[in-house]
Each structure stands twice: as structure tokens, then as C-alpha cells.
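See below for the structure under consideration.
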């Protein structure tokens with residue numbers, strides 16, 4: 001893997017401004033891409049020196065320019081071989097190992113082979129999916145056509161009520177499961193991928209259990225982010241803050257352990273505007289009758305709560321398990337629903353350009369597939385956070401922009417992922433019935449979707 005060929009007598013007078021990808025495409029290439037790849041591997045093993053990553057990236061560029069390329073430009077594999085060589089020459093064997101493992105994992109994904117990690121089981125919650133599918137069939141909401149038929153028959157309000165009742169029933173089941181272990185549980189974890197509805201679920205669950213005498217104390221892991229400038233980013237300047245390594249996992253584990261021992265801990269606060277963490281911001285102490293409540297994207301990741309015995313934890317997982325086929329017979333993708341939710345919330349509540357959300361989504365999915373989805377069947381209970389009517393709500397907001405974006409993304413080789421997602425969602429939008437502003441008044445202010453479209457009775 002590291003044989004780069006003789007370098008002594010090869011001219012260095014060649015441009016390193018493009019690279020040939022595995023599918024034959026020629027795309028722009030810069031030193032920053034190499035620095036980011038090295039930095040990403042360094043973060044995986046606990047190192048966060050951007051200066052060092054940049055220095056070694058310069059060495060990669062120098063050596064890569066001396067390789068006798070097979071074509072006009074070097075291939076991705078040729079560049080990656082040089083990266084491994086430079087890391088080893090610099091004594092960075094641990095970073096080199098992380099980089100090699102990353103390459104291997106990406107290769108498995110390209111060929112469709114799953115990673116054989118003995119700690120990860122079947123990532124598909126078949127029993128829960130079967131329940132959701134049965135419900136969808138019983139309510140005539142299992143296809144886009146059946147959804148359209150009900151909407152055109154004036155039943156949008158009924159669809160909303162039926163969907164909300166199903167979600168509330170899942171909340172009640174989760175509350176009952178926690179009550180059955182009262183006195184044993186010290187930490188409740190609400191986990192799930194981005195925009196699955198964790199926050200609303202946490203609020204509803206807290207309210208239900210508070211009426212039964214539970215006292216919850218939120219533990220906000222988002223305040224444990226490393227400083228933003230210590231996160232990996234790509235050639236577009238987009239930071240990858242979706243991985244568990246974006247959080248200070250060692251500090252989280254230490255603080256959780258000490259809190260459960262009854263100690264007082266000085267917890268940090270993250271300044272999102274400055275992108276900096278403020279350590280020792282305020283004190284926190286857990287009373288004997290209080291339970292920590294963790295609402296986290298990576299709540300199931302072993303490195304976050306590994307020091308806490310499993311018998312003291314209750315793990316809840318929420319996902320948009322929609323069981324609905326499009327007119328071509330394909331099931332609508334759960335991740336597409338969540339992307340639409342996040343776009344809407346980011347635009348309206350966080351003033352983020354929705355195109356940034358679409359283009360950043362590749363990081364979201366990569367992290368979910370590696371660090372969240374594989375652990376779904378290790379949890380105590382699964383909640384379905386999908387709402388069949390939300391497709392209609394999202395079409396009303398996003399049909400026009402998606403029509404405008406689709407041809408632009410299709411013409412850009414560097415945005416293939418965004419192009420595929422936009423085209424796929426647009427095709428679904430084009431088949432859906434229309435709803436009006438008056439229809440949306442049927443959505444209660446306690447509905448999960450209000451977390452994303454606004455108008456919620458809850459404070460987030």
C-alpha cells in the first residue's frame with residue numbers, strides 16, 4: 001500500500017491542482033484537502049494540532065509531485081498512499097493507523113460490504129418497523145397515493161390526529177418502561193440521529209414521568225464540544241462537528257461518574273457565537289432522588305457513557321421510521337425526512353442557509369451510519385418519530401426552492417451528494433397533494449413537527 005515508486009529523477013514541475021477520483025471524475029484538489037484528511041485522522045486518536053497537520057500536508061504535496069503518475073493528474077489512491085508514507089515517516093503511527101482504517105472502511109462502503117464490528121449488531125429495528133408498517137396499512141397511509149386520497153377527501157386533520165396519537169402512545173410506553181425500573185435507573189438517555197425529534201420527546205417524557213415523582217436534571221453534552229477551530233473541516237470550509245470526537249468524551253465520562261457519586265462538578269458552557277468552550281462555567285450536583293437526562297445525538301456511543309454501569313442507564317432511541325412507498329414502489333428514506341426538518345429549523349430558527357444544510361448532510365449521514373445507527377438494537381425502547389403528514393407540510397415550504405436547486409446541483413461534479421438528495425426529494429414532492437395554511441392549523445402546538453416548523457408550546 002505504501003509503494004510510491006522512485007522519486008529521485010522525476011520532474012517536480014507538474015500541477016497538483018486536480019485529482020482523479022475512483023469513478024474517473026477529475027475534481028479540484030488542494031493542500032487543504034490533505035491537511036483536513038490528516039487532521040481528521042488525528043482527531044480520531046485524540047490529537048488536535050492543525051499546524052502539524054498542515055506541515056505534513058505540505059510534505060505530502062512535495063512528495064506527490066515527484067510520483068510518476070499514470071495519467072495527467074494523480075489518482076486518489078496515489079495521493080492516499082503518500083499520506084500514509086508521510087505519517088509513518090513523521091512517527092505518527094497512531095494517526096497513520098486511523099487513516100488506514102478510514103480508507104478501509106470507505107472501501108467497504110463503496111463495495112457494499114458492511115463493517116464486521118463485533119460490538120455492532122443488526123442496525124435494522126425489524127420488530128418496530130413491522131409495527132409501524134401495520135399501523136400505516138390500518139390507517140391507509142402506507143403509500144403516497146393513499147395519503148393523497150385521504151387529503152383530497154378532506155381528511156388532513158384526521159391524519160394529523162391519528163399520527164399524533166400513535167406518537168403519544170410510544171411516549172406512554174417509554175414512560176411505563178422507565179417506571180418499571182424506578183429506583184434502579186440513574187441516567188436516562190434519549191438518542192437518535194439528527195432531527196429525529198429527540199428534544200420534543202425528551203420534554204414529553206420528562207413531563208409524563210414528573211407526574212409520577214421522577215425528578216430529572218438535564219445534562220447538556222453539547223456544552224462539551226471542543227473549540228470549533230479544533231474540528232476537522234473540508235475544502236469548502238465546512239466543519240465536521242457531527243462525529244462523537246467533536247465532543248470532549250473524556251470530560252463527559254469523568255463528570256458523569258462524579259455526579260453519580262454525589263460530587264459537585266464544575267461543568268462547561270459552549271459559546272456558539274465564538275465557537276469556544278468556557279470551562280468551569282458553573283457548578284452542578286445531583287441529589288440522591290434525581291436522575292440525569294441526556295438528550296444527545298451520540299447518546300448510544302460507548303465512549304460517552306462507558307463508565308456508567310448498564311443497569312443504571314435507560315436508553316431510548318427515536319428515528320423517523322416512516323413506512324410509505326412512493327408511486328414507483330420505493331420506500332421514502334428516513335434521512336430525507338430528517339434533512340427537510342433540519343433545513344426548516346436551521347433556516348427559520350438558526351438563520352442558516354438551507355443550501356448549507358443540504359451540502360453538509362453528507363457529514364450527518366456518515367456519522368449516523370458509523371456511530372448511531374449500528375447501536376439501535378442495544379436500546380431499551382424505540383420510538384417512531386415520523387409523521388406521515390409532514391411530507392405535505394415540507395412540500396408546501398420547499399417545492400419551489402428544490403425546483404430551482406436541482407439543475408444547479410446537477411451541473412456540479414463537486415456536489416454529487418447534494419444533487420442526488422435534492423433530485424430524490426423533488427421527485428417525491430412532485431407526486432404529493434397540496435395543503436393550505438388553513439390545513440396546517442390542524443397541527444397542535446404540542447406536535448413533534450412544531451420543533452422544526454415553529455409554533456410549539458414548548459421552549460427549546
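The values are calculated or read from the model by the stated rules, or taken from the named source; none is laboratory data. Everything quoted here is computed from the prediction, not taken from an experiment. FYI the Cβ positions are ideal-geometry reconstructions off the backbone, even for glycines, and counts take in every protein chain you see.
Note on region 351-404: residues that are in a loop (DSSP other than H, G, I, E, B), under 30 Å from residue 181 (Cβ atoms) and in contact with a helix residue (DSSP H, G or I) (Cβ under 8 Å, 6 or more places away or on another chain) amount to 4.
Of everything in region 204-222 that is surrounded by 19 or more Cβ atoms within 10 Å (Cβ to Cβ) and more than 17 Å from the chain's Cα centre (by Cα), the residue that is farthest from residue 336 (Cα to Cα) is 214.
Residue by residue, here is whether (1) surrounded by fewer than 16 Cβ atoms within 10 Å (Cβ to Cβ); (2) modelled with pLDDT under 75 holds:
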residue: 2; (1), (2): yes, yes
residue: 10; (1), (2): yes, yes
residue: 18; (1), (2): yes, no
residue: 40; (1), (2): no, no
residue: 50; (1), (2): no, no
residue: 59; (1), (2): no, no
residue: 81; (1), (2): no, no
residue: 86; (1), (2): no, no
residue: 95; (1), (2): no, no
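Of all positions in region 65-73, none carries a residue that is in contact (Cβ under 8 Å) with a residue 12 or more places away in the chain, more than 22 Å from residue 28 (Cβ to Cβ) and either buried (at least 19 other Cβ atoms within 10 Å of the Cβ) or not assigned by TED's automatic domain parsing to the domain that holds residue 29 (or both). Among residues of region 327-338 being assigned to a loop (DSSP other than H, G, I, E, B) and touching a residue at least 40 places away in the same chain (Cβ under 8 Å), the one that is farthest from the chain's Cα centre (by Cα) is 327.
Per-residue answers, yes or no, for (1) over 26 Å from residue 300 (Cβ atoms); (2) out of contact with any helix residue (DSSP H, G or I) (no Cβ under 6 Å at 6 or more places or on another chain); (3) in a helix (DSSP H, G or I); (4) free of Cβ contacts under 8 Å to residues at least 12 places away in the same chain:
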{"site": "157", "(1), (2), (3), (4)": "yes, yes, yes, no"}
{"site": "162", "(1), (2), (3), (4)": "yes, yes, yes, no"}
{"site": "172", "(1), (2), (3), (4)": "no, yes, yes, no"}
{"site": "183", "(1), (2), (3), (4)": "no, yes, no, yes"}
{"site": "188", "(1), (2), (3), (4)": "no, yes, no, no"}
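Every listed requirement among (1) at pLDDT below 95; (2) part of a helix (DSSP H, G or I) is met by residue 124 save one, (2). Filtered by the rule that a residue be farther than 17 Å from residue 460 by Cβ and more than 10 Å from the chain's Cα centre (by Cα), region 339-359 gives 340, 353, 354, 355, 356, 357, 358, 359. Name the single residue that is modelled with the lowest pLDDT among those in region 223-237 being within 19 Å of residue 297 (Cα to Cα) and within 18 Å of the chain's Cα centre (by Cα). Here the residue is 232. Residues that are touching a strand residue (DSSP E or B) at 6+ places or on another chain (Cβ under 9 Å), buried (at least 20 other Cβ atoms within 10 Å of the Cβ) and in the same structural domain as residue 213 (by TED's automatic domain parsing): does region 141-160 have at least one? So far as region 141-160 goes, yes, one or more of its residues are touching a strand residue (DSSP E or B) at 6+ places or on another chain (Cβ under 9 Å), buried (at least 20 other Cβ atoms within 10 Å of the Cβ) and in the same structural domain as residue 213 (by TED's automatic domain parsing). Within region 270-293, the set of residues being more than 14 Å from residue 251 (Cβ to Cβ) and in contact with a strand residue (DSSP E or B) (Cβ under 8 Å, 6 or more places away or on another chain) comprises 271, 276, 282, 283, 285, 286, 287, 289, 290, 291, 292, 293.
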